[in-house]
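A.B. asks: Structure in structure tokens, see below.
The values are calculated or read from the model by the stated rules, or taken from the named source; none is laboratory data. Note that this is a predicted model, so its numbers are computed, not measured. Every residue, glycine among them, receives a Cβ derived from its backbone with ideal geometry; neighbour counts consider all protein chains shown. Areas reflect the complete protein model, heavy atoms only, side chains present, ligands, DNA and RNA absent. Shrake-Rupley method; radii C 1.70, N 1.55, O 1.52, S 1.80 Å.
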Amino acid sequence: MKVRDFLYKDFSIKNNSKLRKIKLSICGALLTFSFVIIGYKTISLASLNKVSTKNISSKKNQPSFFVKSNRGSIYDRNGELLATTIKVNSLNINPQEILNKNETIRKLKKIFPELNDESFRKKLNTQKRHLNLLREISPNEQVLLLEEGIEGIKIEPRNKRVYPNNNLVSHILGGTNIDGEGIAGIEKSLNKRLLNGKNVTVSIHKGIQHITEKILSEQIKKFEAEGGAGIVMNAKNGEIYAITSLPDYNANNYNSIFNQNLFNRATKGIYELGSTLKLITAAVAFESDRVNESDVFDVSTPLRVSSRTIRDFHPLNYRLNIPEVIVHSSNIGSAKIAEKFGTSIQLKYLKSLGLMDKLNLEIPELGTPQVRKDGKLLSTMTISYGHGIAITLSHLASATATIVNDGIQVKPTLLISNPNPLNDRIFSSETSKKMKSIMRLVVSSKHGTAKKAQATGYLVGGKTGTAEKISQTGGYSENQNIVAFTAAYPMNNPQFVISIMIDNPKGQKFSNGYRTAGWVAAPVIKKLVTRISPILNIRPQTKLSSDFSKELIKYKIRGKNKGANL
């Protein structure tokens, strides 16, 4: 071997050894780095799992108002907001973290002077670690709390159900409890749907609701009445555009109200609504084969039945036909009509009209009618003019709509309904035509009891009802009345029904001491029709159209002391 080759070989051996060492160093460094990364990831995952577990545990111990709410909102038929849920801050405290209770009380009273010292101190002396002091605080109060630096204070979010329109349609909306669950009204009946985050659209028209409440409230005040109720309903499909019960309340304060204002007079209260029920008596008479349209009834003398004497408010000295019985609102005539068709037929139609059962309306506050079913002639006669039968105003609106809707039953609803609901026929088209004609005459005839409901340009028809109020001890109170008016318009093709009830109005000087439905309830109809018709796109008729003469019958109505045998 040459010296050169030997030297070259030695050099290569040395270089390979160095290269091997370098490679080993690099591999070691990479391996160490990998272990560091793996360790870091392991620690991070462990920490993350610990944090997650802690969060889950803390959620279990959180108060109920920490639970996220996706409760749906409630809108009127035009998309106007009636009820929704918002986030607010509540003030809570941990008594165990307070160092100086007197100082804490002083600081909090400075911001919240309404806090009661005694109850507040009692709270601070408990062993609890979480107490609510105020369910809602303002942003400004929150800033003041932070500036004071009070120990143990916790400002935490919660859900709050709010009603932007305060008193408007409060009886129908209802309310929710502290956990956000519905406890009354639509909030309760549709609670499941709302809790699932689904919005609800009701049939109420916010504008018409406001007008109805305002006009009814003014009339109640004018006649110093105890309260009242009003309904504006589509005469074709039963959709309720307005429904009010007065006195009402602010829906935002539902849980703090415990008086009669919570009582829904429109759907829960049952009342004897007097002569408004004569509409049903006449419709049954026309439909029945027991009474002929040409029949006349002597109303010249009071009618003695059993222990009761039936009288008319304005006695007439001649025999009346069916239209005249209704227009003059004769109790005697109505009683004699009912006698002809009898108890079984009367109860059959009351049942088919839904006047013996609770309505299937979308709120829980519903009244069950009370009807005398003893089969006695006296009961049949008195029911014919509204005594011995107590129903809700909603029942009356439903029956009125059925009569004017070509005799096809109309069921009230607070939701947007099907365009053409499939309901039963209760009366024939011919009976409905006769009834619409008579209802129009109650308002338009100079002998009618509801002349004050006449709204210029609009064909309003209806029936008044004045009944003695049932006393709490039983029997009737001669000095207290329930007055009602149920109307429809335009009578040649009724689009809407309006039913009004006012509880115990007082006679006034401007009413010559009268407190009857003609004086108290009828004017409300006139004002409502005039105000809401432009909103409903119902135009006034400047003259009677051909449709009017085609759809309505021109019955001749005789006046007082114009007696003649028919």
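A.B. asks: With +1 on each Lys and Arg Cβ and -1 on each Asp and Glu Cβ, and nothing else charged, work out how big the dipole of the chain is about its Cα centre, in Debye to the nearest 20.
C.D. replies: 1960
A.B. asks: Same structure again: Please work out the FRET efficiency for the pair Glu141 and Asn177, using the Cβ-Cβ distance as r and a Förster radius of 35 Å; give the result to the nearest 0.05.
C.D. replies: Efficiency, rounded to the nearest 0.05: 0.90.
A.B. asks: Given a 1.4 angstrom probe, what's the average accessible area per residue across the chain, in square angstrom?
C.D. replies: 50
A.B. asks: For the chain, with the dipole built from +1 on Lys and Arg beta-carbon atoms and -1 on Asp and Glu ones, taken about the Cα centre, which of Thr301, Gly185, Val200 lies farthest toward the positive end?
C.D. replies: Val200
A.B. asks: Would you check the accessible area of Lys451, probe 1.4 Å, heavy atoms only, in square angstrom rounded to 10?
C.D. replies: Around 110 Å² of this residue is reachable by solvent.
A.B. asks: Still on this model: Please work out the FRET efficiency for the pair Asn166 and Thr301, using the Cβ-Cβ distance as r and a Förster radius of 60 Å; give the result to the nearest 0.05.
C.D. replies: The value I calculate is 0.65.
A.B. asks: Same structure again: Whole-Hz ³J(HN,Hα) for each residue in the stretch 220-229, computed from phi via Karplus 6.51 cos²θ - 1.76 cosθ + 1.60 with θ = phi - 60°, x for glycine and proline: what do you get?
C.D. replies: With coefficients 6.51, -1.76 and 1.60, one gets 4, 5, 4, 9, 6, 7, 7, x, x, 8 Hz.
A.B. asks: How far apart, in nanometres, would the label points at Thr456 and Glu224 be if each is projected 7 angstrom from Cα along the Cα-to-Cβ direction?
C.D. replies: Computed distance between label sites Thr456 and Glu224 equals 3.3 nm.
A.B. asks: Moving on to the next point. First measure r as the distance between the Cβ atoms of Asn253 and Lys554, then evaluate 1/(1 + (r/R0)^6) with R0 = 60 Å and state the FRET efficiency to the nearest 0.05.
C.D. replies: Once the sixth-power term is evaluated, E becomes 0.65.
A.B. asks: Let me ask something else. Can you list residues from other chains, or at least 5 along the same chain, whose modelled amide H is less than 5 Å from the amide H of Leu82?
C.D. replies: For Leu82, whose amide H was placed from the backbone, the distant partners under 5 Å are Ile74, Tyr75, Asp76.
A.B. asks: Compute the distance in nm between two label points, each set 7 Å from the Cα along the Cα-to-Cβ direction, one at Asn493 and one at Lys87.
C.D. replies: Here the answer is 5.3 nm between the modelled labels.
A.B. asks: Can I ask one more? Which whole-Hz couplings ³J(HN,Hα) result when phi for each residue of the stretch 519-527 is put into the Karplus expression 6.51 cos²θ - 1.76 cosθ + 1.60, θ = phi - 60°, listed in order with x for Gly and Pro?
C.D. replies: Working through the residues one at a time gives 8, 9, 8, 4, x, 5, 4, 4, 5 Hz.
A.B. asks: If you line up the long axis of helix 393-404 against the longest principal axis of the chain, both from Cα atoms, how many degrees apart are they, to the nearest 10?
C.D. replies: The answer is roughly 60 degrees.
A.B. asks: Can you give me the distance in nm between label points at Phe263 and Lys122, each placed 7 Å from the Cα along the Cα-to-Cβ direction?
C.D. replies: Between Phe263 and Lys122, the label points sit 3.3 nm apart.
A.B. asks: Going from most exposed to least, what order do Leu415, Leu81 have by accessible area with a 1.4 Å probe?
C.D. replies: Largest to smallest exposure gives the sequence Leu81, Leu415.
A.B. asks: Mind listing the long-range amide H neighbours of Gly354? Cut-off is under 5 Å, sequence gap 5 or more, other chains count too, H placed in the peptide plane at 1.01 Å from N.
C.D. replies: Here nothing satisfies the definition.
A.B. asks: I've got another one for you. Treating only the Cα positions of the chain as identical point scatterers, give the base-10 log of I(q)/I(0) from the Debye formula at each q in 0.06, 0.11 Å⁻¹.
C.D. replies: After summing over all Cα pairs, the log10 values are -0.44, -0.97.
A.B. asks: Residue by residue through the stretch 83-91, which ³J(HN,Hα) values in whole Hz follow from phi under the Karplus form 6.51 cos²θ - 1.76 cosθ + 1.60 (θ = phi - 60°), with glycine and proline marked x?
C.D. replies: With the stated coefficients, the stretch 83-91 comes to 7, 7, 10, 10, 9, 10, 9, 10, 9 Hz.
A.B. asks: Also: Note the full-extension length gain between Ile535 and Asp289 as 0.36 nm times their separation in residues minus their Cα-Cα distance, in nm to one decimal.
C.D. replies: 84.3 nm
A.B. asks: Another one. Out of Ala455, Asn237, Pro369, whose Cα points farthest toward the positive end of the dipole of the chain (charges: +1 Lys, Arg; -1 Asp, Glu; placed on Cβ)?
C.D. replies: Asn237
A.B. asks: Expressed as a whole percentage, what fraction of the accessible surface of the stretch 65-169 belongs to carbon and sulfur atoms when a 1.4 Å probe is rolled over the protein heavy atoms?
C.D. replies: Carbon and sulfur together cover 48 percent of it.
A.B. asks: Along the Cα-to-Cβ line of Glu103, 7 Å from the Cα, sits a label point; which residues in the stretch 116-148 have backbone N less than 14 Å from it?
C.D. replies: Only 148 fall inside the zone, counting backbone N under 14 Å.
A.B. asks: Using modelled backbone amide H atoms (1.01 Å from N, in-plane), which distant-in-sequence or interchain residues come within less than 5 Å of Leu133's amide H?
C.D. replies: Leu91, Asn92, Ile93
A.B. asks: Using the structure shown, select from Lys222/Lys433; Lys340/Lys469; Lys192/Lys469; Lys278/Lys469 the pairs with a Cα to Cα distance greater than 30 angstrom.
C.D. replies: Lys222/Lys433; Lys192/Lys469, as the Cα separations exceed 30 Å there.
A.B. asks: Quick one: check the C-alpha center-to-center distance for the stretch 427-484 versus the stretch 196-227, whole angstrom.
C.D. replies: Rounded to whole Å, the Cα centres lie 22 Å apart.
A.B. asks: How would you rank 93-103, 479-489, 164-174, highest first, on the average number of other Cβ atoms within 10 Å across their residues?
C.D. replies: The densest-packed peptide leads the list: 479-489, 164-174, 93-103.
A.B. asks: Got a number for the accessible area of Lys560? Probe 1.4 Å, square angstrom, nearest 10.
C.D. replies: 120
A.B. asks: Calculated from DSSP H runs of 4 or more alone, at -39500 (n - 2.57) each and per residue, what is the 222 nm mean residue ellipticity of the chain, nearest 500?
C.D. replies: Helix contribution divided over all residues of the chain: -12000 deg cm²/dmol.
A.B. asks: Give me the number: length gained by fully extending Glu156 to Asn94, i.e. 0.36 nm times residue separation minus the C-alpha to C-alpha distance, one decimal in nm.
C.D. replies: Fully extending the segment from Glu156 to Asn94 adds 21.1 nm.
A.B. asks: Would you mind telling me the share, in percent, of accessible area of the stretch 266-331 contributed by carbon and sulfur at probe 1.4 angstrom?
C.D. replies: 42
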